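To start, the structure under review is shown below, and the notes come after it.
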Amino acid sequence: MLITKADLERLREVCERYGVASLEVFGSSAREEDGPESDVDLLYVLKPHARLGFRLFDLEDELADIFGRPVDLVARKSINKYIRGQILADVRPLSAA
């Protein structure tokens, strides 16, 4: 997955606007095994006292626009304990707001 400097700047802006403290990629995109039909799996952590609510869908749309493909957003704190190790083994940071 290729991310340009312009994309990184857009990611920082989006993260700031939605109160995202960190954004990380995992899965096939992180392993560079993604294909043209792959989505982008992303872990996020919100800043203290930040809430997304229904804005989660807007965040997904903006991130999909940046990556040019669908995204799957997962809150880092809600990773299933049975697959946590597998997910965290692939994680690569994208943005820290």
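The values are calculated or read from the model by the stated rules, or taken from the named source; none is laboratory data. As the structure is a prediction and not an experimental result, all values here were calculated from the model. Every residue, glycine among them, receives a Cβ derived from its backbone with ideal geometry; neighbour counts consider all protein chains shown.
Values computed for the structure shown
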{"read-out": "Lone unmet requirement of (1) surrounded by 16 or more Cβ atoms within 10 Å (Cβ to Cβ); (2) at positive phi; (3) at pLDDT below 95 for Gly19", "value": "(3)"}
{"read-out": "Criterion: basic (Lys, Arg) and at pLDDT 95 or above - qualifying residue of Lys47, Lys81", "value": "Lys47"}
{"read-out": "Residue list for segment 22-43, filter: of a type in the set (A, V, I, L, M) and under 11 Å from Leu94 (Cα atoms)", "value": "Leu23, Val25, Ala30, Leu42, Leu43"}
